[in-house]
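Worksheet for the structure shown next.
The values are calculated or read from the model by the stated rules, or taken from the named source; none is laboratory data. The structure displayed is predicted, hence computed values, not measured ones. Cβ: placed from backbone, ideal geometry, glycine included. Neighbour counts: every protein chain shown.
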Amino acid sequence: MSINHAITTTSAEQFRRQGLGMPVTEVDGGPSEGVDRREWMASRGARHRLYLRLAKPVFDMLAAALLLIVLSPLWFGTAVAVIASMGRPVIFSQQRVGRGGKVFRIYKFRTMLADRRRSLTVYSDGDRRVYHKSSRDPRHTRIGLWLRKWSLDELPQLLNVLRGDMSLVGPRPEVVEVVNRYETWQHGRHVVKPGLTGMWQVIARGEGPMHEHASLDLAYVERCSLALDFQILLQTIPTVLGRRPGA
């Protein structure tokens, strides 16, 4: 069963309960049926130590270095487009929260006017678990929106992968302001390194409430494997190419 099929035919909460060997947990992060999340995650980490601590980082480094070489013409063309439309600087950096709650600087090609930067609007629907970001931001230029549509603004994050801050696959790193609003269960997404792509990205990029976002990330954390990573990477390509204008 593909990731998309699993997600579209069940809720995020149901999907989290269907993984191979995955314990049943509630959406609020509390263990049910006698399952202790911390003990289960510890045992899960032990079983996958070679992958999470050795194979996955090595694969990330080699793949990121290769992609930087292969995509260098695209990198150069994107940089020229940014300079022509917005001037300098070409790269935008921002603090994000990574594995273990460690703060790092993420890199992106700039898509917004430099003199109009301000924090994205974040608000709650009355439920502390549910947060939304503003979906329409007037700071984006036409070129910037085009870069975001095809995820070209994310290319510099290959440098974050080489630095060891990120992985190719994992939960997307959030800004500090959003993480400060997390409930305890949502911090479970910081068990692994953040990624360039992940479950949420191959389903609905940045859409929906934050608690559902975190639920899908926890599903990945609990099921992380080489097979799942390859499946997400393969589905990322048609997901990006299949985006509608303005997506």
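At-a-glance table
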item	result
Filter result for ILE69 (hydrophobic (A, V, I, L, M, F, W, C) and modelled with pLDDT under 95)	no
Enumerated helices (runs of 4 or more DSSP H) restricted to the range 137-231, each holding at least 1 residues that are modelled with pLDDT of 90 or more and basic (Lys, Arg)	157-163
Test: residue in the range 179-195 that is over 16 Å from LYS56 (Cα atoms), of a type in the set (Val, Ile, Thr) and either touching a residue at least 12 places away in the same chain (Cβ under 8 Å) or touching a helix residue (DSSP H, G or I) at 6+ places or on another chain (Cβ under 9 Å) (or both)	yes
Sole residue being of a type in the set (D, E, K, R), at pLDDT 85 or above and either in a loop (DSSP other than H, G, I, E, B) or under 20 Å from ASP217 (Cα atoms) (or both), chosen from ARG105, ARG88, ARG129	ARG88
Enumeration of residues in the range 64-82 that are in contact (Cβ under 8 Å) with a residue 12 or more places away in the chain and either of a type in the set (Lys, Arg) or part of a helix (DSSP H, G or I) (or both)	ALA64, ALA65, LEU67, LEU68, LEU74, TRP75, THR78, ALA79, ALA81, VAL82
